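The values are calculated or read from the model by the stated rules, or taken from the named source; none is laboratory data. Predicted model, so just to flag it, every value in this text is computed and none were measured. Cβ placement follows ideal geometry from the backbone for every residue including glycine, while neighbour counts extend to all protein chains displayed. These accessible areas exclude ligands, DNA and RNA; they are computed on the full protein's heavy atoms, side chains included. Shrake-Rupley method; radii C 1.70, N 1.55, O 1.52, S 1.80 Å.
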Amino acid sequence: MKLSYIITDETNPYKNLALEEYLLWRAAENECILYLWQNRHTVVIGINQNAWKECHVKELEEDGGFLVRRMSGGGAVFHDLGNLNFTFLVREEDYDVGRQLDVIVKAVGKLGVKAERSGRNDILADGKKFSGNAFLNSQGHCYHHGTILVDVDMSNLSRYLNVSQPKLQSKGVTSVRSRVINLKELAPDMTLDKLKKALIEAFGEVYGGVPQQLSSESIDREEVERYYQKFSSWEWKFGRKLPFTTELNERFAWGDITLQFSIEGGFVKDAIAYSDSMETAFIQSIGGALTGLRFSSSAIKQKLVETAESVPVDKQIVEDIIGLVERENF
């Protein structure tokens, strides 16, 4: 397999996500690209999240920060220059989350930190999370990206992120700061430059090859600029804010779900679903599927069942959302 890597000094999050999407479509067959990047003073939310609910937008913007919506699922995270982001970009046939996570574990191990994978999304050290991960598979092109907390200002986590208590309780903790850790607490000599070098070395060792750096001349800047315009647009960052008349929400083992309905004359005039679930396609399809239905539990249940037949999704997610609708009994 061809191993490629790129490290950017850019810290504007819209430009970094634009380059990430460019690399997603650029990755060739039998190639894995490792992209290392940093965002300054940024809250990044998942593709299906409600920006106003997940982030204290006013405080973030007043402090000169950025609100960014990524293409993958999952929850909101805070980035500053004490955090290093990584992205593995491959074709679907070469996508291997376990192998990719092994690169991170091996790299921090080189710098004296014993790490372990926890579930599908997190990497822990000393029982606390230092890396959260999210994933995308689109038209046979995949990426897996995540954070590595090295020396992040933890006070900003609670200042800008509005993490629900049910979500914290499901993790067995009482605050967002209590469940994360900076690697510098465990390895005081760690620096971002040392970590970048260790990641490239571990990338080659895990995959059994010699990573080659991508040249900046090989990147189509006009195409990256088009993606930049998308990620920095108000429409992409905030989406539409529905003037809803009814809202249902609950947290399940797979994530949270909020269903908002605008009802007129007993029918669903408009609908939208918000979630930090990794099953992004089904969540995105819900709003359009429910619009125009009679506002009744039975009609919505039937439409959810039909939608799940055409959009691949974990059966438990569908059952849980249907259960939420049935409990409201409208």
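Tallying residues that are in contact (Cβ under 8 Å) with a residue 60 or more places away in the chain and under 19 Å from residue 184 (Cβ atoms) within the stretch 92-105 yields 1.
Look at the stretch 277-295: where a residue is in contact (Cβ under 8 Å) with a residue 24 or more places away in the chain and within 17 Å of residue 248 (Cβ to Cβ) and a partner is among the aromatic types (Phe, Trp, Tyr) and open to solvent by 30 Å² or more (accessible area, probe 1.4 Å), sitting 6+ places away or on another chain with Cβ atoms under 7 Å, you get 277/254; 293/267; 294/267; 295/267; 295/330. For the stretch 251-277, a residue qualifies if it is within 18 Å of residue 297 (Cβ to Cβ) and in contact with a Pro (Cβ under 8 Å, 6 or more places away or on another chain), and exactly one does: 262. Inspection of the stretch 50-57 finds no residue satisfying the criterion of being β-branched (Val, Ile, Thr) and not in a helix (DSSP H, G or I).
Within this structure, residue 300 passes the test of being touching a strand residue (DSSP E or B) at 6+ places or on another chain (Cβ under 9 Å), under 30 Å from residue 137 (Cβ atoms) and part of a helix (DSSP H, G or I). Could you list, in sequence order, the residues of the stretch 274-292 that are buried (at least 18 other Cβ atoms within 10 Å of the Cβ) and assigned to a loop (DSSP other than H, G, I, E, B)? Within the stretch 274-292, 276, 277, 278, 279 qualify. The number of residues in the stretch 236-249 that are more than 20 Å from the chain's Cα centre (by Cα), surrounded by 14 or more Cβ atoms within 10 Å (Cβ to Cβ) and not β-branched (Val, Ile, Thr) comes to 4.
Scanning the stretch 34-46 for residues that are assigned to a strand (DSSP E or B), crowded, with 22+ Cβ neighbours inside 10 Å and not polar (S, T, N, Q) yields 34, 35, 37, 43, 44, 45. Scanning the stretch 219-261 for residues that are modelled with pLDDT under 95 and of a type in the set (Ser, Thr, Tyr) yields a total of 2. The residues in the stretch 307-330 that are more than 19 Å from residue 244 (Cβ to Cβ), within 27 Å of the chain's Cα centre (by Cα) and part of a helix (DSSP H, G or I) can be counted, and the count is 12. A single entry from 203, 261, 252 fulfils the requirement of being surrounded by 18 or more Cβ atoms within 10 Å (Cβ to Cβ) and closer than 22 Å to residue 85 by Cβ: 203. From the list 6, 33, 45, the lone residue that is aliphatic (A, V, I, L, M) and within 20 Å of residue 279 (Cβ to Cβ) is 45. Residues of the stretch 124-152 that are among the aromatic types (Phe, Trp, Tyr) and closer than 28 Å to residue 185 by Cβ: 130, 135.
Kindly evaluate residue 302 against the criterion of being modelled with pLDDT of 95 or more, within 23 Å of the chain's Cα centre (by Cα) and either farther than 29 Å from residue 145 by Cβ or open to solvent by 70 Å² or more (accessible area, probe 1.4 Å) (or both). No; evaluated as a whole, the condition is false for this residue.
Could you please find all residues in the stretch 11-29 being surrounded by fewer than 20 Cβ atoms within 10 Å (Cβ to Cβ) and not in a helix (DSSP H, G or I)? Correct list: 11, 12, 28, 29.
In the stretch 132-148 there is at least one residue that is open to solvent by less than 20 Å² (accessible area, probe 1.4 Å), touching a helix residue (DSSP H, G or I) at 6+ places or on another chain (Cβ under 9 Å) and under 15 Å from residue 198 (Cα atoms). For the stretch 238-273, the set of residues classified as without any contact (Cβ under 8 Å) to a residue 12 or more places away in the chain and assigned to a loop (DSSP other than H, G, I, E, B) consists of 265 only. Per this entry, residue 112 is counted among residues that are farther than 13 Å from residue 144 by Cα and either part of a strand (DSSP E or B) or modelled with pLDDT of 95 or more (or both).
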